[in-house]
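S.K.: Provided herewith is a single structure, encoded as structure tokens, for subsequent inquiry.
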Amino acid sequence: MTKQLRVMASERIRKIIHLDMDCFFAAIEIRNNPSFRGQPVAVGGTDHRRGVLTTCNYEAGEFGIHSAMPIFMALEKCPHLIITPIHFDDYRQESMRIRELMTSYSDILVPLSLDEAYIDVSHIPENPSKIASQLRKKIYQTTGLHASAGIAPNKLLAKIASDWNKPNGQFEVKVDQIAAFMENLSVKKIWGIGKVASERLEKVKVTTCGQMQQLSPNRLQSLFGKFGKELYHLCRGIDERSVKKNQIRKSISTEHTFSQNLKTLEDCSNKLLFLLDDLEENLGKHAESRRITKVFIKIKFSDFSRTTVERTGLNPSLKTYRELLQEGFGRKGQPVRLLGIGVRFAEESADRNQQLEFDLHLH
């Protein structure tokens, strides 16, 4: 039996749900302020000069507004946009209520953030689509918030499926539907395929997963290095990652692939402030309360080679990341296509009685 058939056989007993709250932060703000209903709403704080949006509702999306967009740009597109401050305590509280509802079905779950999680219900005899529907109904009855869900034999497909019938919907990809589902699926739906990677594939006339399946492992590796080996399986809907019970997050990071390569150290440095804003947001969003032990920066150069610089005992400040950037950029001095910054946490056993120790100063 080939590896693909073995994987497919093992997947028949896996039932994975990816639950994703619809416009979570904005939905909470609208629920708490009924006068906002039907209007374009975004969450992004009060600094309209240099702040970025955390999320927005679908009405705002109709104006071309999206998360991570600078606030000043969003207001240019929609001058009557309602921008609310970020209320992380409210978001955390609702996330905890939703997580309790999830664990009433299965304690094998991995929260990805406050508003989404994977749930493994393989051990439950009931139909997974019925479970997802019941869970979404309970969430709405308890919180007044809508959720969407994807159901599939693995994490890759479940996450893709959760976006299929948004908002307030669900979609299931069954084992015998995987081949047909992947055939015309855009390669952009695969995690790790961003704008630059999709443009690289377009040059070899590949825009769908079906077309990518025609490329050999060696060809994919020549295009994407080690990631090409993963893509060979991902484009076929094969994903062997399990949902690990009580999985502990070891790090949090943020990264961005640029449409045009950054040619100088100064160009790269100018992007750090926005990445740091995003990292601070993610630290709050994931509600971490663990001690930071390391900070790191990741750089991918124009030739797809990568380097990482990390240090122990430093705070995730702009000054720190500029120092790491200088060292990393100096290793090759080539144009940069991706920048990422992040933090690593102490092991749980060493961290249990300690407070989060970081200071996100911008200067």
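The values are calculated or read from the model by the stated rules, or taken from the named source; none is laboratory data. Quantities reported herein were computed from a predicted structural model and do not represent experimental measurements. For neighbour counting, all protein chains shown are included, and Cβ atoms are generated from backbone atoms with ideal geometry for every residue, glycine included.
S.K.: Here are some conditions: (1) part of a strand (DSSP E or B); (2) surrounded by fewer than 13 Cβ atoms within 10 Å (Cβ to Cβ); (3) not aromatic (Phe, Trp, Tyr). Residue 112 meets all but one. Which one does it not meet?
M.R.: For residue 112, the failing item is (2).
S.K.: So which of 131, 124, 119 is surrounded by fewer than 20 Cβ atoms within 10 Å (Cβ to Cβ), of a type in the set (Val, Ile, Thr) and in contact with a helix residue (DSSP H, G or I) (Cβ under 9 Å, 6 or more places away or on another chain)? Before you say what the answer is, go through the steps one by one.
M.R.: Details: 131 fails: in contact with a helix residue (DSSP H, G or I) (Cβ under 9 Å, 6 or more places away or on another chain); 119 fails: surrounded by fewer than 20 Cβ atoms within 10 Å (Cβ to Cβ).
Criteria check complete, one pass: 124.
S.K.: Let me ask you something else. Right, residue 137: free of Cβ contacts under 8 Å to residues at least 24 places away in the same chain and either over 22 Å from residue 252 (Cβ atoms) or touching a helix residue (DSSP H, G or I) at 6+ places or on another chain (Cβ under 9 Å) (or both) or not?
M.R.: For residue 137, the condition - free of Cβ contacts under 8 Å to residues at least 24 places away in the same chain and either over 22 Å from residue 252 (Cβ atoms) or touching a helix residue (DSSP H, G or I) at 6+ places or on another chain (Cβ under 9 Å) (or both) - is met.
S.K.: Identify, please: which residue in the range 134-166 is among the hydroxyl-bearing types (Ser, Thr, Tyr) and crowded, with 22+ Cβ neighbours inside 10 Å and is, among those, farthest from residue 178 (Cα to Cα)?
M.R.: Applying the filter and picking the extreme gives 148.
S.K.: Quick check: is even one residue across the range 169-178 surrounded by 18 or more Cβ atoms within 10 Å (Cβ to Cβ), touching a Pro at 6+ places or on another chain (Cβ under 9 Å) and not in a loop (DSSP other than H, G, I, E, B)?
M.R.: Yes; the residues of the range 169-178 include at least one that is surrounded by 18 or more Cβ atoms within 10 Å (Cβ to Cβ), touching a Pro at 6+ places or on another chain (Cβ under 9 Å) and not in a loop (DSSP other than H, G, I, E, B).
S.K.: Continuing with the same structure: Considering each residue of the range 179-196, count those that are touching a residue at least 60 places away in the same chain (Cβ under 8 Å) and surrounded by 12 or more Cβ atoms within 10 Å (Cβ to Cβ), and give that number.
M.R.: 2
S.K.: Output the residue which, of all residues in the range 78-109 that are among the β-branched types (Val, Ile, Thr), surrounded by 15 or more Cβ atoms within 10 Å (Cβ to Cβ) and within 22 Å of the chain's Cα centre (by Cα), is nearest to residue 27 (Cα to Cα). Give the steps one after another, and end with the answer.
M.R.: Within the range 78-109, the subset among the β-branched types (Val, Ile, Thr) is 82-84, 86, 98, 103, 108.
Applying the additional criterion that residues be surrounded by 15 or more Cβ atoms within 10 Å (Cβ to Cβ) yields 82-84, 86, 98, 108.
Adding the requirement that they be within 22 Å of the chain's Cα centre (by Cα) leaves 86, 98, 108.
Numbers: 86: 12, 98: 14, 108: 27 Å.
Taking the candidates together, the pick is 86.
S.K.: Can you name every residue in the range 203-249 that is of a type in the set (Lys, Arg) and over 30 Å from residue 109 (Cα atoms)? Let's see the steps before the verdict.
M.R.: The first filter runs over the range 203-249 and keeps only residues of a type in the set (Lys, Arg), leaving 203, 205, 219, 226, 229, 236, 241, 244-245, 249.
The answer is 203, 205, 219.
S.K.: Got a sec? Which of 132, 158 is in contact with a Phe, Trp or Tyr (Cβ under 9 Å, 6 or more places away or on another chain) and outside the structural domain of residue 44 (by TED's automatic domain parsing)? Let's see the steps before the verdict.
M.R.: Working: 132 fails: in contact with a Phe, Trp or Tyr (Cβ under 9 Å, 6 or more places away or on another chain).
Only one candidate passes the filter, namely 158.
S.K.: When you check residue 38 against the structure, is it at positive phi and either touching a residue at least 12 places away in the same chain (Cβ under 8 Å) or in contact with a His (Cβ under 8 Å, 6 or more places away or on another chain) (or both), yes or no?
M.R.: Taking the combined requirement at face value, the residue satisfies it.
S.K.: Name the pairs whose Cβ atoms lie under 6 Å apart, with the first residue in the range 159-177 and touching a residue at least 24 places away in the same chain (Cβ under 8 Å) and more than 17 Å from residue 122 (Cα to Cα), the second part of a loop (DSSP other than H, G, I, E, B) and hydrophobic (A, V, I, L, M, F, W, C), and 6 or more positions between them or separate chains?
M.R.: The qualifying pairs are 161/173.
S.K.: Among residues belonging to the range 323-345 that are more than 14 Å from residue 256 (Cα to Cα) and under 22 Å from the mean Cα position of the chain (by Cα), point out the one that is surrounded by the fewest Cβ atoms within 10 Å (Cβ to Cβ).
M.R.: Selected residue: 344.
S.K.: Another question about this same structure. Check residue 83 against each of (1) modelled with pLDDT of 90 or more; (2) part of a helix (DSSP H, G or I); (3) in contact with a Gly (Cβ under 9 Å, 6 or more places away or on another chain) and name the one condition it does not meet.
M.R.: The failed condition is (2).
S.K.: Hey, another quick one. I'd like to know if the range 14-29 contains one or more residues that are outside any loop (DSSP other than H, G, I, E, B) and either modelled with pLDDT under 85 or surrounded by fewer than 17 Cβ atoms within 10 Å (Cβ to Cβ) (or both).
M.R.: Within the range 14-29, none of the residues are outside any loop (DSSP other than H, G, I, E, B) and either modelled with pLDDT under 85 or surrounded by fewer than 17 Cβ atoms within 10 Å (Cβ to Cβ) (or both).
S.K.: Also, I was wondering about something else. For residue 106, are the conditions met, namely being assigned to a helix (DSSP H, G or I), modelled with pLDDT of 90 or more and among the hydroxyl-bearing types (Ser, Thr, Tyr)? Can you show your working first?
M.R.: Details: assigned to a helix (DSSP H, G or I): no; modelled with pLDDT of 90 or more: yes; among the hydroxyl-bearing types (Ser, Thr, Tyr): yes.
When the stated conditions are applied, residue 106 does not pass them.
S.K.: Taking the range 119-168 as the region of interest, how many residues are over 24 Å from residue 25 (Cα atoms), of a type in the set (S, T, N, Q) and assigned to a helix (DSSP H, G or I)?
M.R.: The number of residues fulfilling the criteria is 1.
S.K.: Which of the residues spanning the range 44-77 are of a type in the set (Val, Ile, Thr), over 19 Å from residue 168 (Cβ atoms) and surrounded by 14 or more Cβ atoms within 10 Å (Cβ to Cβ)?
M.R.: Residues of the range 44-77 that are of a type in the set (Val, Ile, Thr), as a first pass: 46, 52, 54-55, 65, 71.
Now restrict to residues that are over 19 Å from residue 168 (Cβ atoms): 46, 52, 54, 65, 71.
Correct list: 52, 54, 65, 71.
S.K.: Pairs needed: first member in the range 320-333, acidic (Asp, Glu); second member anywhere, modelled with pLDDT of 90 or more; C-beta distance under 6 Å; at least 6 residues apart or different chains.
M.R.: Cβ pairs passing all conditions: 327/309.
S.K.: Kindly provide the set of residues from the range 202-239 that are under 16 Å from residue 303 (Cα atoms) and either within 22 Å of the chain's Cα centre (by Cα) or assigned by TED's automatic domain parsing to the domain that holds residue 255 (or both), ordered by number.
M.R.: Across the range 202-239, the qualifying residues are 224, 226, 227, 228.
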